[in-house]
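Step one of this worksheet: look at the structure below.
Where a number appears in this text, it was derived from the coordinates with a stated rule and is not lab data. On a predicted model such as this, the values are computed, not experimentally measured, just so you know. Cβ: placed from backbone, ideal geometry, glycine included. Neighbour counts: every protein chain shown.
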Amino acid sequence: MDAAISRRKASVTGAACAAVLVAAPASGQGKTTVSAALARLHARQGRTVRAFKCGPDFLDPHWLALATGAPVHSLDLWMTGEADCRARLQAAAASADLLIVEGVMGLFDGTPSAADLAERFGLPVIAVIDAQAMAGTFGALAFGLQHFRPGLPWAGVLANRVAGERHAGMLQAALREPAQWLGALPRSADFALPERHLGLVGAGEIDDSVARLDAAADALAATPLGRLPLDRLPQWPPSVAASTEAVADIPALAPLLAGHTIAIARDAAFSFIYPANLDLLTAMGASLAFFSPLAGDALPACDAVWLPGGYPELHAEALSRQSALRGALTAHVAAGRPVWAECGGMMSLFDTLVASDGVAHSMWGLLPGRVTMQKRLSGLGPQQLQLNGHALRGHTFHYSSCETPMAPATRTARPGAAQPVGSGEAVYIHGSVRASYFHAWLPSSPEAAAALFRSAPLVFTDA
């Protein structure tokens, strides 16, 4: 570890560390590759790196977690809240040498945007620009990103997918401020991260995922950004005052789930799980028992079941064969014990799932109807659910649609909506099954989160 970093961490006021927010002009520019490469580069050198993802996302954090060896939490000024964001950043800065926050979509896209997060917390922005097929325009994009919002913290710009040294020289020369140049990464299949319909393929699903990260880190090591000592990067918090801003607004958690065991499906078909959701359930007293439907695991003895989102459509044939699990879930519901099924978890509970190739698969039959994969997004964006007098925040992101005789018990609503409207996601109640395309950020309301896993009836109100 750098001597300067060691001295800083040893000091009594050493809750600061190097920090950057990696952003881009749009999705698909290479934010995850650069973020993970930077994390891997410094982690290989023995430094403690903590990474975060701006906005709702289950897939990019898989790669960041592999690069850092630590859980990756989301930061979103609406979904997770400012107090939660500040608390997580402060906790990480107290022990880390480097904080990396990966942005979402384009730098100024969304409400709130990555730029809003950078500005609110003083996180300096590194802009990653896919520079293939451009030269002088690179300078215009870099200048616009830096100056579009006056006062935005800025660290520099890095060109991605560059054809060679001559191309890199043209891009660097296009910058009005040469000091903003952080280097260029080449086009390379060695560290390209594969994608599919919901985004990146999870790091755990690829045999050479570590090799890809190492190749990206090696390429980054040859750039000015990769060679920059951490004590030359901007520090976070940017001031002593900011480092002592109170986070005591977050109340102590009541043991709302004490004595409860929650069985949670977790494998390649059910992998959309926020670490913060697991932390909250544990903090409220629940015992968590994980099982893999794809591996044929039996349903653990439990008081409640959580079927998270994921890719059941890619594993529909294997899931349809899990007759023992189907029977155990049926018995669980017949006994009145709750099941919370969100998005992919809900899809597996319908009678039929029609995959992208048009093949219909018989599923677990706890919900009447069928789910059909679509070629275009059917739902996207932030959502909130009014449950038992509390607002549970989250989001939706899916390519399938469902046909069912069930009437929704309620619908989620977009932020700021006066009441649930047709654009919100249906929430179905069928016996003790509670199901929706809605992905919940459970820490946004511990009371509502606990209600999902308790047997008492749910009370829905207007958003």
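Here are the numbers for the structure shown:
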quantity	calculated
In Hz, Karplus ³J(HN,Hα) per residue of the stretch 319-327 (6.51, -1.76, 1.60; θ = phi - 60°; x = Gly, Pro)	5, 5, 7, 7, 5, 5, 5, 4, x
Cβ-Cβ FRET estimate between residue 454 and residue 359, R0 fixed at 35 Å, reported to 0.05	0.40
Additional length obtainable on full extension of the chain from residue 27 to residue 295, 0.36 nm per residue less Cα span	93.1 nm
Relative exposure of 359, 34, 433, judged by other C-beta atoms within 10 Å (fewest first)	359, 433, 34
Net charge over other residues, Cβ less than 13 angstrom from the Cβ of residue 152 (K, R count +1; D, E count -1)	0
Rounded to whole Hz, the Karplus (6.51, -1.76, 1.60) HN-Hα couplings of the stretch 58-64, x for glycine and proline	9, 8, 4, x, 4, 6, 5
Antiparallel DSSP beta bridges within the stretch 261-452, percent to nearest 5	60 percent
FRET E, pair residue 279, residue 391, Förster distance 25 Å, beta-carbon r, rounded to 0.05	0.80
Computed label-point distance, nm, for sites residue 376 and residue 222 using a 7 Å Cα→Cβ extension	4.3 nm
Helical mean residue ellipticity (222 nm; -39500 (n - 2.57) per DSSP H run of 4+; nearest 500) of the chain	-8000 deg cm²/dmol
Environment charge of residue 172, counting only residues whose C-beta is closer than 14 Å and scoring Lys/Arg +1, Asp/Glu -1	0
Cleavage-rule hits (chymotrypsin sites (Phe, Trp or Tyr not before Pro)) in the stretch 119-185: DSSP loop, at most 16 neighbouring Cβ within 10 angstrom	148
Dipole magnitude (debye, nearest 20) for the stretch 13-128, charges at Cβ of Lys, Arg, Asp, Glu	440 debye
Gained length - residue 409 relative to residue 149, 0.36 nm times residue gap less alpha-carbon distance	89.3 nm
Segment residue 165-residue 95, length gained on full extension (0.36 nm per residue, minus Cα span)	21.4 nm
FRET efficiency estimate (nearest 0.05) - Cβ-Cβ, residue 331 to residue 258, R0 35 angstrom	0.90
Unit charges at the beta carbon, dipole of the chain: most positive-side option, 45, 280, 295	45
Per residue Cα convex hull volume in Å³ - calculated over the stretch 261-452	105 Å³
Cα-based shape type of the chain, given that a ≥ b ≥ c are square roots of the gyration tensor eigenvalues and the cut on a/c is 1.5	prolate
Simple label model, 7 Å out from Cα along Cβ direction - residue 208 to residue 132, nm	1.7 nm
Surrounding net charge for residue 277, when Lys and Arg each add one and Asp and Glu each subtract one, Cβ distance under 13 Å	-1
